[in-house]
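What follows draws every value from the coordinates through simple rules; no lab data is involved. On a predicted model such as this, the values are computed, not experimentally measured, just so you know. Every residue, glycine as well, gets a Cβ built from its backbone with ideal geometry; the counts of neighbours run over all protein chains shown.
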Amino acid sequence: MRLVWRFGDTAALLLLLAAHAVAAFDPLSVGIAIGAASALTGYLSYRDLYCRFAECCREEQRLNASALKLDLKEKLFGQHLATEVILKALTGFKNNKNPKKPLTLSLHGWAGTGKNFASQIVAENLHPKGLKSNFVHLFEQLQKWIRGNVSACASSVFIFDEMDKLHPGIIDAIKPFLDYYEQVDGVSYCKAIFIFLSNAGGDLITKTALDFWRAGRKREDIQLKDLEPVLSVGVFNNKHSGLWRSGLIDRNLIDYFIPFLPLEYRHVKMCVRAEMRARGAAVDEDVVTRVAEEMTFFPKDEKIYSDKGCKTVQSRLDFH
């Protein structure tokens, strides 16, 4: 009996190694090998074994809120509001087993403030491969594209970058997918997540941040209620926002308008340090200071905020 047990384990291991070796070439062979290994071991289901070698859509997998919180805290600098709202929104949505509609987030702020980076963090915490996942999708061909991908994975993530460059009205084509419908043409979209990224509203966000600074108040005192109402109205009335007079706003289908505050000198230095660590280099504070001082800041008199956020930190660091 002991001999048979060892043979079963060995045969299963060989089959799994064979599956791994051909994974990139022959999906059918992978399926056959994994099925045989599953039968031999009796340990794991076919799906469990298959998902060790191929990416699977695990809708039942819970969000690790602690890991998301840590990622946002350690990687997203100067954005206490965005961190708080993204964490709250995603945790609440993923803990709801039967949401009535997809989660829709609209991220606003100037270039370089962390909108793309935040969406990357979200993607990585929902699907291990992040932006390279088969279940995380960047904007392509709206309706057909969304329908096909949700059919493959109900918990798909859709990221629409540079919303402010979309022609007015185009985004309304996806309104049925964001609405309170159980199904659209036989497909449920209620577990999907939609993220819009836009520079629109950056001026409104900066004005509020400046008002706080000039009044001697800390940026950390800015709350969502100080910005969200003016932001939603502002992008609704802005012809260049991608959401101009959009039914998505009119019908209250965007769950959160998330402001990204302009970054200060100290935040730029944090970005430089993070980039140096990412390159495996020791943090040299002299270099950090030189790179930060090369950036340009506004307004003209006060020079508080980096006009490019942290967007050019990588290229500037190359020269040091």
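A few notes on this one:
- With a simple spin-label model that places each label point 7 Å from the Cα along the Cα-to-Cβ direction, the separation between L210 and K239 comes to 2.4 nm.
- Stretching K165 away from T91 to a fully extended chain increases their span by 23.6 nm, per 0.36 nm per residue minus the current alpha-carbon distance.
- For region 240-295: Kirkwood Rh in Å [reciprocal of mean 1/r, alpha carbons]: 14.4 Å
- The Cβ shell under 15 Å around A200 holds other residues with a net charge of 0, Lys and Arg each +1, Asp and Glu each -1.
- Using the Cβ-Cβ distance between R266 and D318 with R0 set to 22 Å, the FRET efficiency from 1/(1 + (r/R0)^6) comes to roughly 0.50.
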